[in-house]
Amino acid sequence: MTCPATPSQFPTATPALTVTRRQPSATRSALPALLAALALLLTLVAAPPAQAKVNVPSEETAIVLAVFGTSFPEAVGGILNIYHEVRVAYPETTVRLAFTSNIIRRIWHSRRDDQEFLAAHPKIPREIFAVKAPLATIADLVDEDYGHIIVQPTHIAAGEEFSDLASLIHALNTVTTVKERNRPFQQIILGRPALGQPGIKFPYRQDLERAAALMAVDIEQARQNNSALVYMAHGNRTFSTGVFFELEHLMRQHYPETPTYFTMATGFPDLEHTAQRLADDGASHALLVPFMTVAGDHARNDMAGDDEDSLQSLLQARGIGSTAKLEGLGERTDFARIFVDNIRDAATAAGIELK
């Protein structure tokens with residue numbers, strides 16, 4: 001009889017111990033990187049916002065010389081001398097020429113491919129042949145990112161041409177944009193003519209005194225020849241020419257030994273009226289001087305021409321001899337510097353320092 005085995009006699013089967021390691025999941029391996037990214041994001045959110053670059057017009061300044069113009073090559077020197085003096089006075093500032101006369105601009109444009117004309121006038125700068133109107137010149141400067149533009153006329157008086165230019169500048173300055181940064185420019189500033197303009201900012205009487213002082217050279221020439229002194233300005237039929245009467249009166253006060261007269265190529269007092277004035281005053285000879293920046297068509301034809309209605313012929317018909325001085329005021333350095341000073345005044349009034 002076989003006895004049943006006791007529990008201690010049963011064979012013991014010890015199963016093999018299998019240890020299974022859990023592989024790290026993709027989420028756990030990416031956790032450090034996520035935490036780092038989150039920390040960076042929190043840092044950026046907490047940081048003060050950076051100032052965005054605003055596309056506002058620049059602080060650069062340019063000058064536009066607004067000249068009526070002349071079609072006479074011999075008279076261009078009056079314009080170029082003013083241009084030269086302005087560039088010398090402000091060597092670090094861009095200076096551009098513009099002609100206000102549509103007719104004269106077209107004449108010069110028609111000459112730029114005329115090889116015969118170019119060969120005969122080699123000293124005329126190429127930019128004269130491509131000269132633009134003030135509006136186009138201003139547009140070019142805006143496109144070149146000039147924020148401040150000073151437009152300085154070389155007009156003698158505040159007449160029709162100056163009024164038109166002032167209207168243009170006023171209109172441009174009324175341009176508004178929804179966002180300030182989209183304005184095409186900061187400001188366009190207009191300088192005053194040689195004899196000033198109405199208003200109290202720059203008393204025009206001071207401009208007349210300045211001009212009268214610069215005419216001393218003509219007074220001396222007339223005195224040496226025992227002549228009356230006759231200035232011919234451009235004039236117009238739209239605006240009063242009273243400023244020239246005031247300048248005439250002022251010069252007679254300063255230079256009583258030499259009778260001075262002002263006449264107009266256009267408007268009052270006309271050439272006939274002035275010639276009769278000299279005859280009534282008993283003049284025997286007169287020095288004729290253009291009171292214009294250039295000695296162009298009006299000076300060479302209306303003042304000193306051979307036609308019977310020129311000032312020289314009208315005087316001759318009354319027994320009065322004459323000598324014509326074919327020199328534009330712009331050719332005189334001291335007079336050209338009037339516009340240099342007027343540019344500085346306009347810039348200073350607008351808070352601009354020119355260099």
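The values are calculated or read from the model by the stated rules, or taken from the named source; none is laboratory data. In this text, all values refer to a predicted model and were calculated from it rather than measured experimentally. Please note: Cβ atoms are built from the backbone with ideal geometry, for glycine as well, and neighbour counts cover all protein chains shown.
One residue is enough: does region 76-83 have a residue meeting the conditions outside any helix (DSSP H, G or I), closer than 30 Å to residue 192 by Cα and modelled with pLDDT of 60 or more? The answer is no, given that none of the residues of region 76-83 is outside any helix (DSSP H, G or I), closer than 30 Å to residue 192 by Cα and modelled with pLDDT of 60 or more. In this structure, residue 259 does satisfy being in contact with a strand residue (DSSP E or B) (Cβ under 7 Å, 6 or more places away or on another chain), without any contact (Cβ under 8 Å) to a residue 40 or more places away in the chain and of a type outside the set (Phe, Trp, Tyr). Within this structure, residue 213 fails the test of being out of contact with any Leu (no Cβ under 6 Å at 6 or more places or on another chain), under 24 Å from residue 270 (Cα atoms) and at pLDDT 95 or above.
Pick from region 145-180 the residues that are assigned to a loop (DSSP other than H, G, I, E, B) and under 12 Å from the mean Cα position of the chain (by Cα): which of them is surrounded by the most Cβ atoms within 10 Å (Cβ to Cβ)? In this case the residue turns out to be 154.
Among the residues making up region 271-311, those that are under 32 Å from the mean Cα position of the chain (by Cα) and under 14 Å from residue 231 (Cβ atoms) are 288, 289, 290, 291, 292, 293, 295, 298, 299, 302, 303.
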